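The values are calculated or read from the model by the stated rules, or taken from the named source; none is laboratory data. Since the model is a prediction, treat every value here as computed from it, not as a measurement. Note that each Cβ is placed from the backbone with ideal geometry, even for glycine, and that neighbours are counted across all protein chains shown. Just so you know, the surface numbers come from the protein's heavy atoms only, side chains and all, with ligands and any DNA or RNA stripped out. Shrake-Rupley method; radii C 1.70, N 1.55, O 1.52, S 1.80 Å.
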Amino acid sequence: MVIYKVTAHTGKKLLAGTTSLIYIQLHGSEAESDEQNLNHHQGLLPGSERTFKIHCKVSLGELISVTLYSKPFMGLLYNQWFCDKILVNTPEGDKILFPCYCWLDCNEKLVLRPAKASLVFQDTNLIAQRQRMRQLEEQQKLFRWHVYAEGTPQVIDYDTAFALPAEVRFSFTKESDFYSSAGKQLAALKLTGLADSRKSWESISQLGVIICGNRGKTIEYTQEHWDEDEFFGYQFLNGLNPMMIQRCSKLPVNFPVTDDMVKGSLKGSSLEQEMKKGNIFLSDYKMLDGLVGNVVSGRQQYLTAPLVLLYCNPHGMMLPIAIQLKQEPSKENPIFIPTDSKADWKLAKIFVRNAEFGVHEVDFHLLRTHLLAEVFTVATLRNLPSPHPLYKLLFPHIRYTLQINIMARNDLISKDGAITMYSAVGGESLVKLMKRATASLTYSALCLPENISERGLENVPHYYYRDDGMKLWNIINKFVAAFLSHYYQIDAHVQKDTELHRWISEIFTNGFLGRDGSGIPSSFQTVTELVKFVTMVIFTASAQHAAVNNGQFDLGGWMPNYPTALRKPPPKVKGQTTENSILETLPDVSTTVNGMAVLRLLSKDSADHYPLGYFPENLYDEEVPCKLIEEFQKDLRELSDLIEERNKKLALPYIYLNPKTVDNSVAI
C-alpha cells in the first residue's frame, strides 16, 4: 500500500467555495487511483486548503493528470467551486503541482496536467498524448469561430457572455463592479434630466457642470486647453490615438497647401525647406472618405475625412498649420489655416477631432486591440493545451477578453448599442470602416519599433507614447525571448511543434483572413520569428490597449475635444462660422452626456485589476520561468519609477504606459 498526500487549494474569489461534493482521481503512467471525495459533508470555503491522503495498492508511476468531479450534495444542493490548484506529494518524495484556476460546475469534470511545461513532441507517454488530444478536442467544441461581419476578424461563437464557459467569464467581483458602475452612470444621467434632452448647449462653459464630479488633472487640463493649437498638436503624439501622424516629405496631390498659406506658421521658411529638415507631418483620415454619417435621435450626423498638416517648430511643439476637411480639393472644400477667423479655425479642428473619434474607436481601439486580442484568445484556447509553454505564457493576457468583447458587441456596436445610438460613425458606416481597416492592417503596424520607423517618428521630441512604448516593448521582448528560448532551444523545436503551427495558422486564417499582404506569418521556422510574434501579441493585449483605452474619459470627457457626432455638414466657405453655429454643430445635450457616460465606464479601473507582470496564478513549478518572471517584474518596476520621475517635470503627465496602470489583458 502506498500513500499520496493531496492538498486542494480553493480560490479566494468571492463565492469560490462550494457545498457540492468534489471527487478526485489520480492518473499515472502505470495505474490510477480510485475516486475519492475531498469534502464529504463539509463545504470548501474560499481561501481554504484541504489536505487528505489517497491510498493506492501500488505506485501509479509518473503522475500524468488529476481529474476533478463535482456532484450535488444529497443529489440536490450544488454550486460552483473555484479551484486554484492541487498539490500532490508522491510516495517517492516528489511534489507535483497541478494548476487549475477555473470554475468547476456541478456534474462537470476537469482534467488537470502537471505544472511542468512540455511541447507536444516531448510528451512521449501515450496516456499523456491522448489526454492532450482529448483536451484540445473538448476545447475546440467549446470555443468555436464565428463570422461577425465578412471582411473582419472572426470572433467567438457565443451571443451572450452568460453562455461562455465559466473558465473565461468575469469573476463575480468584476461582473458586479462593472454592472454597478454602468448602473450608477445611467442613474446619474436620468436624475439630472440630461439623458433625453435634444437641446443644443447654450455655451461651451455650460459643459463644465456635467464633469464637476469626475475631475482629474488630465480632464481639467483638456477643458482649459482643448482649443489651443499646442494641445491639438500634442494629442497626435500623446493623445488617445498616437498612431496616425507620420512624417511628410511630399504633400499629397489632393492637399494643395501653398507656401503663402503657411508662411506665418513657418516664420519665413518654406514647406520644401521644412520637409527636408524633417519638420512637417501629416495626419490623413482618408479611411473615412465616402462614409455617410449616422442618424442620431432622428437627425442626420456628418462625417468628414480630413487632412491635417503639422509643423514641429524649433521649440519642439507640434502645431497644426493647415486643415482640409474633405479628400478632394475644390472651392467648396477650403483649406483652413491658423490665421483664419478664430471661429473658422476652431470649427475645422472640431471636425478633425470628430474624425479622430471614428478612426480611433473603430480602427485603433476596437479592431487593433479588442478584436485582435479575441483572435489570439480563441486560437490559444483551441490549439494550445494547458501544459504547452505558450499557453502558460499567454494565459494572463487572455483573461476576460471574450466576455468584454461580447458585451461590446451587444451593448456598444449593436443596433441599439451606445455607439450606434450616439455617434456619427455608428451603424452601417462602422462595419464599412472596420472592413477598410482590416484590409489595410499589417504586421509591421502592430510591431511598435517598425511602426515608429515606418512613420518617420524616431526623433520627434516630446513623443512620450513612443518613449514609454519602446521601453515596454523591449522589456516584454526580453522576457518572451528568454522564456521561449528555454523551451524552444533550437529552431527545429519550433518546426516540430504541430500545436504551435495550428495556433498561428488559425490566427492567420481566422484573424487576418489569410491575407498574405498583411505580412502576418502563417507558420514559424525560427525561434526569432516566434519571439517577435508573441511579443506583439502580449504588447497588443496589454500596453497598446492601455494606450488607446485608458485615457478615453481624461481626453474625451470634455466633449468639444472628442465629439462623438456633429449635427451640421462642414463649412463650404470661410468667414460664416460663429460661436452659435459651432454650438449648433456640436452634439446635443443627450448625445453628449450619454457619450460621456460610455467613455467614463470604459476608462474606469476595475476592482479586479491585474497589472502587467502580475500573475496571480501559480502555473509553474520550474525554477527558470519563475526566475524570469521575477526579472520581468523588476524591469517593469524600474520603468514605472522612470516614468513617474519624468512626469513630475511635465505640465501634463503621460501616464497611460506606466506598467502600474497597464492591464495584463483586454479586460475593459
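In this label model, T509 and A166 are separated by 3.3 nm, measuring between points 7 Å along each Cα→Cβ vector. Using Cα pairs under 8 angstrom and six or more residues apart, how large is the relative contact order of the range 1-97, in percent? Once normalised by length, the contact order is 43 percent.
Beyond 19 Å in Cα-Cα separation lie the following of the pairs K326/K568; K286/K532; K349/K432: K286/K532; K349/K432.
Take the range 210-251 with all the other protein chains still there, run a 1.4 Å probe, and you get 42 Å² of accessible area per residue. Counted residue by residue at 0.36 nm each, then reduced by the alpha carbon distance between them, the extension gain from E332 to T442 reaches 36.1 nm.
Full extension of the chain between A482 and E428 yields a length gain of 14.9 nm, computed as 0.36 nm times the residue separation minus the alpha carbon distance. Working from label points 7 Å from Cα in the Cα-to-Cβ sense, the H315 to D157 distance is 6.0 nm. Starting from the Kirkwood radius over alpha-carbon pairs of the chain, derive D by Stokes-Einstein at 37 °C in a medium of 0.692 mPa s and give it in µm² s⁻¹. Using the Kirkwood radius from Cα pairs, D works out to 122 µm²/s.
The residues of the range 1-80 expose, per residue, 53 Å² of accessible area to a 1.4 Å probe. Ligands, DNA and RNA left out, the accessible area of the chain computed with a 1.4 Å probe is 53% carbon and sulfur. Going by Cα centres, the range 500-550 and the range 300-336 are how many Å apart? Centre-to-centre (Cα) distance: 34 Å. Relative to a virtual label point 7 Å from the Cα of N647 in the Cα→beta-carbon direction, which members of the range 451-465 show backbone nitrogen distances below 14 Å? Those under the cut-off are 464-465.
As a calculated quantity, the FRET efficiency between V147 and D411 at R0 = 25 Å, using C-beta atoms, amounts to about 0.75.
Length available on full extension from D227 to E623: 0.36 nm per residue minus the Cα-Cα distance, which gives 137.1 nm.
Take the Kirkwood radius over Cα pairs of the range 355-396, plug it into Stokes-Einstein at 10 °C and 1.306 mPa s, and you get 138 µm²/s for translational diffusion. Accessible surface computed residue by residue for the range 367-517, with neighbouring protein chains in place and a 1.4 Å probe, gives 32 Å² per residue. Listed values for the range 630-645 are Karplus-derived 3J(HN,Hα) couplings in whole Hz (6.51 cos²θ - 1.76 cosθ + 1.60, θ = phi - 60°), namely 4, 5, 4, 5, 5, 4, 5, 5, 5, 5, 4, 4, 4, 5, 5, 5, and x replaces Gly and Pro.
If only the Cβ of Lys and Arg carry +1 and only the Cβ of Asp and Glu carry -1, the dipole of the range 551-658 around its Cα centre is close to 1120 debye. Which residues does a label at H501 reach in the range 133-147, if reach means a backbone N under 20 Å from a point 7 Å past the Cα toward the Cβ? 133-134, 136-137, by backbone N distance to the label point. Between the helical axis of 464-487 and the longest alpha-carbon principal axis of the chain there is an angle of about 20 degrees. Rounded to the nearest 10 degrees, the inclination of helix 229-238 to the longest alpha-carbon principal axis of the chain is 20 degrees. Separation of the range 223-277 and the range 404-456, taken as the distance between their Cα centroids, equals 25 angstrom. If only the Cβ of Lys and Arg carry +1 and only the Cβ of Asp and Glu carry -1, the dipole of the chain around its Cα centre is close to 660 debye. For the pair E220 and A492, a Förster radius of 56 Å applied to the C-beta separation gives a FRET efficiency near 0.45, rounded to the nearest 0.05.
The simple Förster model, with R0 at 22 Å and r as the Cβ-Cβ distance, assigns S197 and E584 a FRET efficiency of 0.90. For the range 295-351, the set of trypsin sites (Lys or Arg not before Pro) satisfying both a DSSP loop assignment and a count of at most 16 other C-beta atoms within 10 Å is given as K331. Taking the charge dipole of the range 526-605 about its Cα centre, with +1 at Lys and Arg Cβ atoms and -1 at Asp and Glu Cβ atoms, the residue from P560, T585, M596 reaching farthest to the positive side is T585.
In a solvent-free Debye calculation with one equal scatterer on each Cα, what is log10 I(q)/I(0) for the range 1-80 at q = 0.23, 0.24, 0.26 Å⁻¹, listed in the order of the q values? With one equal scatterer per Cα and no solvent, log10 I(q)/I(0) is -1.06, -1.11, -1.21. From the Kirkwood radius over Cα pairs of the range 264-347, Stokes-Einstein at 10 °C and 1.306 mPa s returns a whole-number translational diffusion coefficient of 109 µm²/s. For the chain, the relative contact order works out to 17 percent when only alpha carbon pairs closer than 8 Å and six or more residues apart are counted.
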